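Worksheet: the structure to be examined is printed underneath.
The values are calculated or read from the model by the stated rules, or taken from the named source; none is laboratory data. Here the structure is a predicted model, which is why all the values come from computation and not from measurement. Ideal geometry is used to build each Cβ from the backbone, glycine not excepted, and the neighbour counts take in all protein chains shown. SASA here: full protein model, heavy atoms, side chains in, ligands and nucleic acids out. Shrake-Rupley method; radii C 1.70, N 1.55, O 1.52, S 1.80 Å.
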Amino acid sequence: MAGSIERRGQNSWRLTVSCGFDGKKNRVRKTKTITTTAKSETAARKEAEKELAKFIAELEAGMFIGATKLTLAGFAERWLKEHAEKQLAPKTLARYKELLESRIIPAMGHLRLEQIKPLHLVEFYNNLTEAGVRLDGKYLAQPKFLEAIKITSMETKEIADKAGIDKRTLSSVLKGKLASRNVAMAVSKVLGIKMEEAFTLQGEPEPLSNSTILHHHRLLSSLFTQAVQWQIIATNPAARVKPPKVKRKAAACYDEEQTAALLKALDTEPEANFGYKTIIVLAIATGLRRGELMGLEWDDVNFDKCTLDVKRVSQYVSGQGVITKEPKNETNMRLVSVPASVMALLKKYQAWQREEKASRINKWKGSNRLFTTWDGQPMHPDTISKWFPQFLARHNLPHLNFHGLRHTSTTLLIGQGVHAKTISSRLGHSNISTTMDIYAHHLKSADKEAADKLDGLFAVK
């Protein structure tokens, strides 16, 4: 960069730096006025030249406040394209786009990047605690939506596919069941009608939780960190803001007696639910995440060594449908040992699935997944999450979401005295501290029980 100095007053100088040309081929110049303290002309000029050199260095580093007119909205668009879409997992990317489009950009998108201060973020987080900002309420289909379905030339499955949702989800909406905001937006877009005209919000959503506000903070912090690394701004304003405190809840799970009752209830389920039964048993036996279970293929099963090779994840991403990806890090890619009795069940399930395939040979889509739809396609991850609580209700068992089976598996191992490091590796946690944090209460309980058992040994008789 070339620069020049020009005296403006008795002690003031104007620094001018040429920064090339903009997109319209207009020359871009940056200026800055300084005040010198030297008494002689020669000394004052030398001081001005030193300030010019600093000014050029600041501009070259991209750290001069006011050097860019880039807004948060403009930078976010570039950040998504140049960084997020290449580095983030599809589900995380979809969630970040949702947070940006729904709240962050409408609130602060007009602000220039270097103008955003910690106080802006504090005010934004405070606004998120107010009622009416949630966007995850439930929506009911209105006559205009139902009419649009009737007159469209598209079949129900085609609409669902284009919206990136399961056909059964759309069918339930048409039957009068409530839909999520994402579903309502997606199908309205496919039909070319406004969501506000196609659906109405049912009830008043509660304020955002601290956990959700923390998601906004982490996104903004990541975005500003990248801006610093790209030398667009000098500091990250989010680093000077205390994120909302999220109180960690004790992991909900079943104890040994409840787990035994659950397994007994599974044995009474009809043969048509053999696949669901196998998923539940495998979840308890291995502690695998839902996406990891849905991503399993028969080539990942070693019946001789009683192991499962976890190397892919199946997820549902709004607007994309069911996708398959690699685990987010090497720790998640692991070999998990399975009890011999559970492997025997898996062997029976494999034979059952082969019979199902043979009976539908003309309609089978050829998936090698363990858990599939009736025609062999990978099962939607939400399918088991919806079936499981219904199963519990039918058998009068305590409510537990599907992820609670992972916690149940872990607490059963803790109760058996398995070392925390072994449990951490089995769960795919990158650090044992993660396991210790999540299951601190259960680990302390197990430790207390061990101490109580030793009490009789040391008691004075």
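Restricted to region 353-461, the set of helices (runs of 4 or more DSSP H) holding at least 1 residues that are under 24 Å from T331 (Cα atoms) and modelled with pLDDT under 90 comprises 404-415, 420-427, 432-438, 440-458.
Within region 67-94, residues that are closer than 20 Å to K328 by Cβ and at pLDDT below 90 reach partners that are surrounded by 15 or more Cβ atoms within 10 Å (Cβ to Cβ) and of a type outside the set (V, I, T) with beta carbons closer than 6 Å, at six or more positions or on different chains, in the pairs A89/K328; K91/Q315; A94/S318. Number of residues in region 267-280 that are open to solvent by 10 Å² or more (accessible area, probe 1.4 Å) and within 26 Å of the chain's Cα centre (by Cα) equals 1. One residue stands out in region 114-135 among those that are over 26 Å from R181 (Cβ atoms) and at pLDDT below 90: the one that is least open to solvent (accessible area, probe 1.4 Å), namely E114.
Residues checked against (1) without any contact (Cβ under 8 Å) to a residue 40 or more places away in the chain; (2) within 23 Å of the chain's Cα centre (by Cα):
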| residue | (1), (2) |
| --- | --- |
| I361 | yes, no |
| F391 | no, no |
| T411 | no, no |
| T422 | yes, no |
| T434 | yes, yes |
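Given the condition open to solvent by less than 50 Å² (accessible area, probe 1.4 Å), outside any loop (DSSP other than H, G, I, E, B) and within 22 Å of I284 (Cβ to Cβ), answer yes or no: does some residue in region 314-325 qualify? Yes. Candidates K162, K167, K150, K177: the one that is surrounded by fewer than 13 Cβ atoms within 10 Å (Cβ to Cβ) and either among the aromatic types (F, W, Y) or under 20 Å from H380 (Cα atoms) (or both) is K177. Only one of the numbered conditions (1) modelled with pLDDT under 85; (2) surrounded by 11 or more Cβ atoms within 10 Å (Cβ to Cβ); (3) under 28 Å from H110 (Cβ atoms); (4) not polar (S, T, N, Q) is not met by A38, and that is (3). Restricting the first member to region 305-319 and to residues that are more than 15 Å from T331 (Cα to Cα), and the second to residues that are of a type in the set (A, V, I, L, M) and modelled with pLDDT under 90, the beta-carbon pairs closer than 6 Å and six or more apart or on different chains are Q315/I323; Y316/V322; V317/A94; V317/I323; S318/A94. The single residue among K264, K249, K311 that is of a type in the set (K, R), at pLDDT below 90 and either open to solvent by 50 Å² or more (accessible area, probe 1.4 Å) or out of contact with any Cys (no Cβ under 8 Å at 6 or more places or on another chain) (or both) turns out to be K249.
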